[in-house]
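*Asks:* Okay, here's the structure, questions in a sec.
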Amino acid sequence: MEQELNTSWLLNKYSLGEKEIKHTETSVYVNGNDGYKRHVNTQQALSKREAIVALSLCHYRTPPKEVAKLLGVVFKNHSSKEGHWLYIAQRWNPRAITRVIEMMTKQHRRGDVTIKNPAAYFTFLIKMRKKRRTSTGTNDTRKQQNKDSAKDL
């Protein structure tokens, strides 16, 4: 069952509370707060949004390389060390990664935090979360241990 990505709202010219005022020669965008609206590259925003949606569809069995690739797309414009996103993907599961990205998005929308370097802020936040569980042994080693302890009795 594939989910279709509905990204038509990203291509909308105006966000909530905005209207266009046309003068004789130029058109000016006015925000509800009478502030300046930055120019947003819609293609880049669309690819980031698609990567975030793809991350939210990942589960704990998704290969870390695939998760690292998606993180690289999300934080494409910000420099990071080689292998950094693979390190993050190996230590934290996609659910934790997605939740941190959603939390960052909410903080940014509300205006709680001004994020100058999202990649660094993401790394700072993710390090506070619990790491991915590692398997201590397989079922076969437990059976072997039980057989050894039964022989001793």
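The values are calculated or read from the model by the stated rules, or taken from the named source; none is laboratory data. Worth saying up front: this structure is predicted, and the values here are computed from it rather than measured. Reconstructed Cβ throughout: ideal geometry from the backbone, glycine too, with neighbour counts over all protein chains shown.
*Asks:* If we scan segment 61-77, do we find a residue that is modelled with pLDDT under 90 and part of a loop (DSSP other than H, G, I, E, B)?
*Replies:* Yes: one or more hits.
*Asks:* Report the residue count in segment 99-131 for those that are of a type outside the set (Ser, Thr, Tyr) and either in a loop (DSSP other than H, G, I, E, B) or touching a Ser or Thr at 6+ places or on another chain (Cβ under 7 Å) (or both). If you could, list the steps in order and put the result at the bottom.
*Replies:* Filtering segment 99-131 for residues of a type outside the set (Ser, Thr, Tyr) gives 99-104, 106-113, 115-120, 122, 124-131.
Imposing the further condition that a residue be either in a loop (DSSP other than H, G, I, E, B) or touching a Ser or Thr at 6+ places or on another chain (Cβ under 7 Å) (or both) reduces the set to 111-113, 115-117, 119, 127-131.
Result for segment 99-131: 12.
*Asks:* Across segment 18-59, what is the total count of residues that are farther than 17 Å from ILE101 by Cα and modelled with pLDDT of 90 or more?
*Replies:* So the answer is 0.
*Asks:* Go through (1) part of a helix (DSSP H, G or I); (2) surrounded by fewer than 16 Cβ atoms within 10 Å (Cβ to Cβ); (3) of a type outside the set (A, V, I, L, M, F, W, C) and name the single condition GLU50 misses.
*Replies:* (2)
*Asks:* Can you name the residue in segment 104-129 that is of a type in the set (Val, Ile, Thr) and over 19 Å from SER56 (Cβ atoms) and is also surrounded by the fewest Cβ atoms within 10 Å (Cβ to Cβ) among such residues?
*Replies:* So the first thing to find is which residues in segment 104-129 are of a type in the set (Val, Ile, Thr), and the list is 105, 113-115, 123, 126.
Next, from what is left, pick out any that are over 19 Å from SER56 (Cβ atoms): 113-115, 123.
Values: VAL113: 12, THR114: 7, ILE115: 14, THR123: 17.
It comes out as THR114.
*Asks:* Here's another thing I want to ask about it. Return only the number of the condition from (1) at pLDDT below 90; (2) within 17 Å of LYS127 (Cβ to Cβ) that MET104 does not satisfy.
*Replies:* It is condition (1) that MET104 fails.
*Asks:* Among the residues of segment 86-103, which ones are in contact with a Leu (Cβ under 8 Å, 6 or more places away or on another chain) and surrounded by fewer than 17 Cβ atoms within 10 Å (Cβ to Cβ)?
*Replies:* MET103
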